[in-house]
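Working notes, structure below.
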Amino acid sequence: MEAQLQQLKEEVLQKIEASASVKELNDVRVAYLGKKGPITDLLKGMGKLPAEERPKMGALVNVVREEVTTVLEARMTLLQEQAINEQLEKESIDVTLPGRPIKTGNHHPLTRVVEEIEDLFISMGYEIAEGPEVEKDYYNFEALNLPKGHPARDMQDSFYISEDILLRTHTSPVQARTMEAKEGQPIKIICPGKVYRRDNDDATHSHQFTQIEGLVIGENIRMSDLKGTLSIFAKKMFGDDREIRLRPSFFPFTEPSVEMDISCFKCGGDGCNVCKKTGWIEILGAGMVHPNVLEMAGYDSKKLSGFAFGMGPERIAMLKYGVEDIRHFYTNDVRFLSQFHRTEV
(Lines give C-alpha, C1' and ligand atoms only; values in the text may rest on other atoms or scores of the structure.)
Protein backbone atom coordinates (compact mmCIF):
# COMPACT_ATOMS: atom_id res chain seq x y z
CA MET A 1 0.00 0.00 0.00
CA GLU A 2 2.94 2.30 0.69
CA ALA A 3 4.31 1.68 -2.84
CA GLN A 4 0.87 2.39 -4.28
CA LEU A 5 0.74 5.69 -2.34
CA GLN A 6 4.18 6.75 -3.63
CA GLN A 7 3.19 5.92 -7.21
CA LEU A 8 -0.05 7.92 -6.80
CA LYS A 9 1.89 10.90 -5.47
CA GLU A 10 4.26 10.96 -8.45
CA GLU A 11 1.34 10.58 -10.88
CA VAL A 12 -0.65 13.50 -9.46
CA LEU A 13 2.42 15.78 -9.24
CA GLN A 14 3.15 15.13 -12.91
CA LYS A 15 -0.42 16.00 -13.88
CA ILE A 16 -0.29 19.17 -11.76
CA GLU A 17 2.89 20.24 -13.54
CA ALA A 18 1.38 19.44 -16.94
CA SER A 19 -1.79 21.47 -16.31
CA ALA A 20 -1.78 24.48 -18.64
CA SER A 21 -4.92 26.22 -17.42
CA VAL A 22 -6.92 26.82 -14.28
CA LYS A 23 -9.65 24.53 -15.63
CA GLU A 24 -7.24 21.64 -16.21
CA LEU A 25 -5.79 22.10 -12.73
CA ASN A 26 -9.24 22.09 -11.17
CA ASP A 27 -9.98 18.84 -12.99
CA VAL A 28 -6.81 17.29 -11.48
CA ARG A 29 -7.80 18.48 -8.01
CA VAL A 30 -11.25 16.95 -8.26
CA ALA A 31 -9.91 13.71 -9.78
CA TYR A 32 -7.30 13.05 -7.05
CA LEU A 33 -8.43 14.99 -3.98
CA GLY A 34 -12.16 14.86 -4.46
CA LYS A 35 -14.59 12.64 -2.56
CA LYS A 36 -14.24 9.91 -5.18
CA GLY A 37 -10.49 10.40 -5.75
CA PRO A 38 -7.84 7.68 -5.13
CA ILE A 39 -6.30 9.47 -2.13
CA THR A 40 -9.68 9.62 -0.45
CA ASP A 41 -10.21 5.96 -1.32
CA LEU A 42 -6.94 5.12 0.45
CA LEU A 43 -8.16 6.81 3.61
CA LYS A 44 -11.43 4.92 3.38
CA GLY A 45 -9.53 1.62 2.97
CA MET A 46 -7.54 2.07 6.18
CA GLY A 47 -10.02 -0.15 7.98
CA LYS A 48 -8.84 -3.21 6.08
CA LEU A 49 -5.27 -2.87 7.38
CA PRO A 50 -4.02 -4.55 10.53
CA ALA A 51 -4.44 -2.36 13.59
CA GLU A 52 -0.67 -1.92 14.08
CA GLU A 53 -0.21 -0.54 10.48
CA ARG A 54 -3.08 1.94 10.48
CA PRO A 55 -1.32 4.84 12.31
CA LYS A 56 1.75 4.66 10.07
CA MET A 57 -0.27 4.47 6.84
CA GLY A 58 -2.67 7.16 7.99
CA ALA A 59 0.23 9.50 8.64
CA LEU A 60 1.77 8.74 5.23
CA VAL A 61 -1.52 9.40 3.41
CA ASN A 62 -1.95 12.73 5.19
CA VAL A 63 1.63 13.76 4.37
CA VAL A 64 1.11 12.94 0.68
CA ARG A 65 -2.22 14.77 0.66
CA GLU A 66 -0.66 17.89 2.21
CA GLU A 67 2.27 17.83 -0.25
CA VAL A 68 -0.07 17.47 -3.22
CA THR A 69 -2.32 20.25 -1.91
CA THR A 70 0.66 22.61 -1.42
CA VAL A 71 2.01 21.99 -4.93
CA LEU A 72 -1.48 22.31 -6.41
CA GLU A 73 -2.12 25.68 -4.71
CA ALA A 74 1.22 27.04 -5.88
CA ARG A 75 0.48 25.94 -9.43
CA MET A 76 -3.03 27.44 -9.19
CA THR A 77 -1.61 30.83 -8.15
CA LEU A 78 0.83 30.78 -11.08
CA LEU A 79 -1.85 29.84 -13.63
CA GLN A 80 -4.26 32.51 -12.32
CA GLU A 81 -1.58 35.20 -12.66
CA GLN A 82 -0.82 34.01 -16.19
CA ALA A 83 -4.54 34.12 -17.07
CA ILE A 84 -4.87 37.67 -15.75
CA ASN A 85 -1.78 38.83 -17.65
CA GLU A 86 -3.07 37.27 -20.86
CA GLN A 87 -6.44 38.96 -20.40
CA LEU A 88 -4.81 42.33 -19.75
CA GLU A 89 -2.68 41.95 -22.84
CA LYS A 90 -5.69 41.10 -25.01
CA GLU A 91 -7.81 43.94 -23.57
CA SER A 92 -5.10 46.59 -23.38
CA ILE A 93 -5.85 50.12 -24.62
CA ASP A 94 -3.44 51.87 -26.94
CA VAL A 95 -3.17 55.24 -25.22
CA THR A 96 -1.28 56.66 -28.20
CA LEU A 97 -4.45 56.56 -30.32
CA PRO A 98 -6.26 59.92 -30.59
CA GLY A 99 -9.40 60.12 -28.49
CA ARG A 100 -12.83 60.11 -30.07
CA PRO A 101 -14.27 63.63 -30.06
CA ILE A 102 -17.35 64.12 -27.89
CA LYS A 103 -19.93 66.43 -29.36
CA THR A 104 -21.08 68.93 -26.77
CA GLY A 105 -23.72 71.60 -26.75
CA ASN A 106 -23.02 75.31 -26.72
CA HIS A 107 -24.44 78.50 -25.33
CA HIS A 108 -27.15 80.07 -27.48
CA PRO A 109 -25.94 83.35 -29.04
CA LEU A 110 -28.56 85.30 -27.07
CA THR A 111 -27.42 83.66 -23.84
CA ARG A 112 -23.83 84.60 -24.67
CA VAL A 113 -24.77 88.24 -25.27
CA VAL A 114 -26.92 88.44 -22.11
CA GLU A 115 -24.16 86.90 -19.97
CA GLU A 116 -21.58 89.23 -21.48
CA ILE A 117 -23.74 92.25 -20.60
CA GLU A 118 -24.43 90.88 -17.12
CA ASP A 119 -20.72 90.32 -16.46
CA LEU A 120 -19.94 93.88 -17.53
CA PHE A 121 -22.50 95.51 -15.25
CA ILE A 122 -21.74 93.21 -12.33
CA SER A 123 -18.11 94.36 -12.63
CA MET A 124 -19.44 97.92 -12.33
CA GLY A 125 -21.23 97.12 -9.06
CA TYR A 126 -24.71 96.36 -10.37
CA GLU A 127 -26.96 93.60 -9.03
CA ILE A 128 -29.23 91.41 -11.15
CA ALA A 129 -32.94 91.71 -10.36
CA GLU A 130 -35.71 89.52 -11.74
CA GLY A 131 -39.48 89.52 -11.63
CA PRO A 132 -42.60 87.75 -12.94
CA GLU A 133 -43.34 87.56 -16.64
CA VAL A 134 -47.09 87.51 -15.91
CA GLU A 135 -47.47 90.97 -14.44
CA LYS A 136 -50.03 93.32 -12.97
CA ASP A 137 -51.12 96.29 -15.07
CA TYR A 138 -50.12 98.55 -12.18
CA TYR A 139 -46.43 97.59 -12.23
CA ASN A 140 -46.24 97.29 -16.01
CA PHE A 141 -47.78 100.70 -16.68
CA GLU A 142 -49.22 102.78 -13.84
CA ALA A 143 -46.18 102.71 -11.55
CA LEU A 144 -44.11 103.84 -14.56
CA ASN A 145 -46.10 107.02 -15.19
CA LEU A 146 -48.44 105.34 -17.68
CA PRO A 147 -51.95 105.64 -16.17
CA LYS A 148 -54.95 103.99 -17.78
CA GLY A 149 -55.87 105.74 -21.01
CA HIS A 150 -52.37 107.18 -21.53
CA PRO A 151 -51.68 107.35 -25.29
CA ALA A 152 -48.16 105.98 -24.83
CA ARG A 153 -49.69 102.61 -23.97
CA ASP A 154 -50.50 102.25 -27.65
CA MET A 155 -46.75 101.94 -28.29
CA GLN A 156 -46.80 98.55 -26.56
CA ASP A 157 -49.54 96.28 -27.89
CA SER A 158 -50.06 93.88 -25.02
CA PHE A 159 -51.20 90.31 -24.32
CA TYR A 160 -53.86 90.77 -21.61
CA ILE A 161 -54.93 87.77 -19.55
CA SER A 162 -57.54 89.75 -17.64
CA GLU A 163 -58.30 93.44 -17.24
CA ASP A 164 -55.49 93.85 -14.72
CA ILE A 165 -53.12 90.99 -15.62
CA LEU A 166 -50.93 90.79 -18.73
CA LEU A 167 -47.68 89.41 -20.08
CA ARG A 168 -45.12 92.10 -19.29
CA THR A 169 -44.20 94.28 -22.26
CA HIS A 170 -40.82 95.27 -20.84
CA THR A 171 -38.70 94.48 -17.78
CA SER A 172 -39.45 97.90 -16.28
CA PRO A 173 -41.94 96.33 -13.80
CA VAL A 174 -38.91 94.76 -12.11
CA GLN A 175 -37.60 98.28 -11.53
CA ALA A 176 -40.94 99.40 -10.09
CA ARG A 177 -41.09 96.39 -7.76
CA THR A 178 -37.47 96.91 -6.67
CA MET A 179 -38.04 100.58 -5.90
CA GLU A 180 -41.12 99.69 -3.87
CA ALA A 181 -39.20 97.04 -1.92
CA LYS A 182 -36.16 99.27 -1.27
CA GLU A 183 -38.34 101.92 0.43
CA GLY A 184 -36.26 104.94 -0.58
CA GLN A 185 -32.84 103.28 -0.46
CA PRO A 186 -30.24 103.64 -3.27
CA ILE A 187 -30.51 101.16 -6.17
CA LYS A 188 -28.08 99.88 -8.80
CA ILE A 189 -29.59 97.00 -10.80
CA ILE A 190 -30.01 95.49 -14.23
CA CYS A 191 -33.12 93.50 -15.13
CA PRO A 192 -32.75 90.85 -17.86
CA GLY A 193 -35.65 88.72 -19.03
CA LYS A 194 -38.22 87.84 -21.69
CA VAL A 195 -40.97 90.27 -22.65
CA TYR A 196 -44.05 89.99 -24.89
CA ARG A 197 -45.78 92.31 -27.37
CA ARG A 198 -48.40 91.76 -30.02
CA ASP A 199 -46.03 92.34 -32.93
CA ASN A 200 -46.28 90.62 -36.29
CA ASP A 201 -43.23 88.38 -36.57
CA ASP A 202 -40.84 89.38 -39.33
CA ALA A 203 -37.09 89.80 -39.83
CA THR A 204 -36.81 92.48 -37.12
CA HIS A 205 -39.86 91.92 -34.89
CA SER A 206 -41.05 89.11 -32.63
CA HIS A 207 -43.99 88.68 -30.29
CA GLN A 208 -41.47 87.42 -27.69
CA PHE A 209 -38.00 88.87 -27.24
CA THR A 210 -35.38 89.60 -24.60
CA GLN A 211 -34.75 92.87 -22.84
CA ILE A 212 -32.19 94.17 -20.36
CA GLU A 213 -32.93 97.33 -18.44
CA GLY A 214 -30.81 99.16 -15.91
CA LEU A 215 -31.68 101.44 -13.04
CA VAL A 216 -29.52 103.58 -10.76
CA ILE A 217 -30.98 105.75 -7.98
CA GLY A 218 -29.02 107.76 -5.44
CA GLU A 219 -27.88 111.23 -4.51
CA ASN A 220 -26.50 113.51 -7.23
CA ILE A 221 -27.05 111.05 -10.09
CA ARG A 222 -26.63 113.08 -13.28
CA MET A 223 -26.99 112.71 -17.03
CA SER A 224 -23.20 112.66 -17.24
CA ASP A 225 -23.20 109.49 -15.11
CA LEU A 226 -25.60 107.90 -17.59
CA LYS A 227 -23.47 108.93 -20.56
CA GLY A 228 -20.30 107.58 -18.97
CA THR A 229 -21.98 104.26 -18.19
CA LEU A 230 -23.32 103.88 -21.71
CA SER A 231 -19.94 104.80 -23.19
CA ILE A 232 -18.26 102.00 -21.22
CA PHE A 233 -20.97 99.60 -22.36
CA ALA A 234 -20.55 100.53 -26.04
CA LYS A 235 -16.76 100.14 -25.97
CA LYS A 236 -16.98 96.81 -24.17
CA MET A 237 -19.55 95.33 -26.55
CA PHE A 238 -18.43 96.82 -29.86
CA GLY A 239 -14.79 97.90 -29.51
CA ASP A 240 -12.68 100.52 -27.74
CA ASP A 241 -12.82 102.94 -30.68
CA ARG A 242 -16.63 103.23 -30.56
CA GLU A 243 -18.12 106.66 -29.98
CA ILE A 244 -21.65 107.33 -28.75
CA ARG A 245 -24.16 110.09 -29.32
CA LEU A 246 -27.36 110.85 -27.43
CA ARG A 247 -30.42 112.12 -29.29
CA PRO A 248 -33.48 113.64 -27.57
CA SER A 249 -36.44 111.26 -27.38
CA PHE A 250 -39.55 110.54 -25.31
CA PHE A 251 -40.34 107.82 -22.77
CA PRO A 252 -43.11 108.33 -20.18
CA PHE A 253 -40.93 107.03 -17.33
CA THR A 254 -37.84 109.20 -17.97
CA GLU A 255 -37.31 112.95 -18.32
CA PRO A 256 -35.23 113.96 -20.17
CA SER A 257 -35.16 110.91 -22.46
CA VAL A 258 -32.58 110.00 -25.07
CA GLU A 259 -31.81 107.43 -27.78
CA MET A 260 -28.21 106.24 -27.85
CA ASP A 261 -26.37 105.59 -31.11
CA ILE A 262 -22.88 104.17 -31.55
CA SER A 263 -20.46 104.94 -34.35
CA CYS A 264 -20.67 102.18 -36.94
CA PHE A 265 -18.22 99.39 -36.13
CA LYS A 266 -18.13 98.25 -39.77
CA CYS A 267 -17.35 101.48 -41.61
CA GLY A 268 -16.03 103.59 -38.74
CA GLY A 269 -18.61 106.29 -39.43
CA ASP A 270 -18.08 106.66 -43.19
CA GLY A 271 -21.45 105.12 -44.06
CA CYS A 272 -22.34 101.57 -45.11
CA ASN A 273 -25.26 99.15 -45.39
CA VAL A 274 -25.14 98.33 -41.64
CA CYS A 275 -25.60 101.96 -40.54
CA LYS A 276 -27.76 102.85 -43.57
CA LYS A 277 -25.14 105.34 -44.77
CA THR A 278 -25.48 107.47 -41.61
CA GLY A 279 -22.32 106.36 -39.78
CA TRP A 280 -24.38 105.67 -36.62
CA ILE A 281 -26.35 102.67 -35.30
CA GLU A 282 -29.24 103.02 -32.85
CA ILE A 283 -28.68 100.73 -29.85
CA LEU A 284 -30.88 101.62 -26.86
CA GLY A 285 -33.11 104.10 -25.08
CA ALA A 286 -32.35 105.82 -21.79
CA GLY A 287 -32.98 108.88 -19.63
CA MET A 288 -33.24 110.32 -16.15
CA VAL A 289 -35.92 108.66 -14.02
CA HIS A 290 -39.11 110.74 -14.11
CA PRO A 291 -39.90 112.45 -10.77
CA ASN A 292 -43.41 110.96 -10.86
CA VAL A 293 -41.95 107.43 -10.99
CA LEU A 294 -39.71 108.20 -8.01
CA GLU A 295 -42.54 109.69 -5.98
CA MET A 296 -44.94 106.79 -6.69
CA ALA A 297 -42.29 104.38 -5.39
CA GLY A 298 -41.77 106.37 -2.18
CA TYR A 299 -38.62 108.30 -3.16
CA ASP A 300 -38.12 112.00 -2.51
CA SER A 301 -37.42 113.30 -6.02
CA LYS A 302 -35.95 116.52 -4.55
CA LYS A 303 -33.20 114.61 -2.74
CA LEU A 304 -32.65 111.59 -4.95
CA SER A 305 -32.36 111.17 -8.70
CA GLY A 306 -31.56 108.35 -11.06
CA PHE A 307 -31.12 107.14 -14.58
CA ALA A 308 -32.52 104.18 -16.48
CA PHE A 309 -31.75 102.47 -19.78
CA GLY A 310 -33.14 99.59 -21.79
CA MET A 311 -31.71 97.50 -24.60
CA GLY A 312 -32.60 94.44 -26.68
CA PRO A 313 -29.98 91.66 -26.65
CA GLU A 314 -31.40 90.38 -29.96
CA ARG A 315 -30.48 93.63 -31.69
CA ILE A 316 -27.03 93.62 -30.15
CA ALA A 317 -26.51 89.97 -31.14
CA MET A 318 -27.69 90.69 -34.69
CA LEU A 319 -25.15 93.50 -34.98
CA LYS A 320 -22.28 91.59 -33.34
CA TYR A 321 -22.77 88.39 -35.35
CA GLY A 322 -24.23 89.72 -38.59
CA VAL A 323 -27.60 87.99 -38.18
CA GLU A 324 -30.18 89.38 -40.60
CA ASP A 325 -33.37 87.75 -39.28
CA ILE A 326 -34.39 87.81 -35.60
CA ARG A 327 -36.42 84.63 -36.10
CA HIS A 328 -33.21 82.59 -36.40
CA PHE A 329 -32.76 82.99 -32.64
CA TYR A 330 -35.99 81.11 -31.90
CA THR A 331 -36.24 78.33 -34.49
CA ASN A 332 -33.63 76.04 -32.82
CA ASP A 333 -32.02 75.31 -36.20
CA VAL A 334 -28.78 73.46 -35.41
CA ARG A 335 -27.29 74.70 -38.69
CA PHE A 336 -27.62 78.25 -37.40
CA LEU A 337 -26.63 77.58 -33.79
CA SER A 338 -23.52 75.57 -34.73
CA GLN A 339 -22.00 78.71 -36.26
CA PHE A 340 -21.57 80.11 -32.76
CA HIS A 341 -19.64 77.17 -31.31
CA ARG A 342 -17.38 78.43 -28.54
CA THR A 343 -13.91 76.95 -29.04
CA GLU A 344 -12.15 78.65 -26.16
CA VAL A 345 -12.14 77.11 -22.66
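Every listed requirement among (1) assigned to a strand (DSSP E or B); (2) on the phi > 0 side of the Ramachandran plot is met by Gly268 save one, (1). Of the residues making up the stretch 92-105, not a single one is open to solvent by less than 90 Å² (accessible area, probe 1.4 Å), within 30 Å of Thr210 (Cα to Cα), touching a Lys or Arg at 6+ places or on another chain (Cβ under 8 Å) and in a loop (DSSP other than H, G, I, E, B). For the stretch 224-241, which residues satisfy the criterion of being free of Cβ contacts under 8 Å to residues at least 24 places away in the same chain and in a loop (DSSP other than H, G, I, E, B)? The answer is Asp240, and nothing else. Quick check on my filter: what residues within the stretch 143-171 are touching a residue at least 40 places away in the same chain (Cβ under 8 Å), closer than 20 Å to Gly310 by Cα and either over 36 Å from the mean Cα position of the chain (by Cα) or not in a loop (DSSP other than H, G, I, E, B) (or both)? Correct list: Ala143, Leu144, Asn145, Leu146, Ala152. Picking from residues in the stretch 288-329 that are over 35 Å from the mean Cα position of the chain (by Cα) and without any contact (Cβ under 8 Å) to a residue 40 or more places away in the chain, the one that is most open to solvent (accessible area, probe 1.4 Å) is Lys302.
To keep it simple, each residue is scored yes or no on (1) closer than 28 Å to Thr111 by Cβ; (2) touching a Gly at 6+ places or on another chain (Cβ under 6 Å); (3) in the same structural domain as Pro173 (by TED's automatic domain parsing); (4) modelled with pLDDT of 95 or more.
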residue	(1), (2), (3), (4)
Glu213	yes, yes, yes, yes
Arg222	no, no, yes, yes
Asp225	no, no, yes, yes
Lys236	yes, no, yes, no
Gly239	yes, no, yes, no
Pro252	no, no, yes, no
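Is it the case that some residue within the stretch 195-206 is hydrophobic (A, V, I, L, M, F, W, C), closer than 16 Å to Phe253 by Cβ and either in contact with a Leu (Cβ under 9 Å, 6 or more places away or on another chain) or open to solvent by less than 10 Å² (accessible area, probe 1.4 Å) (or both)? Yes, some residue in the stretch 195-206 is hydrophobic (A, V, I, L, M, F, W, C), closer than 16 Å to Phe253 by Cβ and either in contact with a Leu (Cβ under 9 Å, 6 or more places away or on another chain) or open to solvent by less than 10 Å² (accessible area, probe 1.4 Å) (or both).
The values are calculated or read from the model by the stated rules, or taken from the named source; none is laboratory data. Computed from a prediction, not measured in an experiment: that's the story for all the values here. Note: ideal-geometry Cβ built from the backbone for every residue, glycine included; neighbour counts use all protein chains shown. Only protein heavy atoms, including side chains, enter the accessible area calculation; ligands, DNA and RNA are left aside. Shrake-Rupley method; radii C 1.70, N 1.55, O 1.52, S 1.80 Å.
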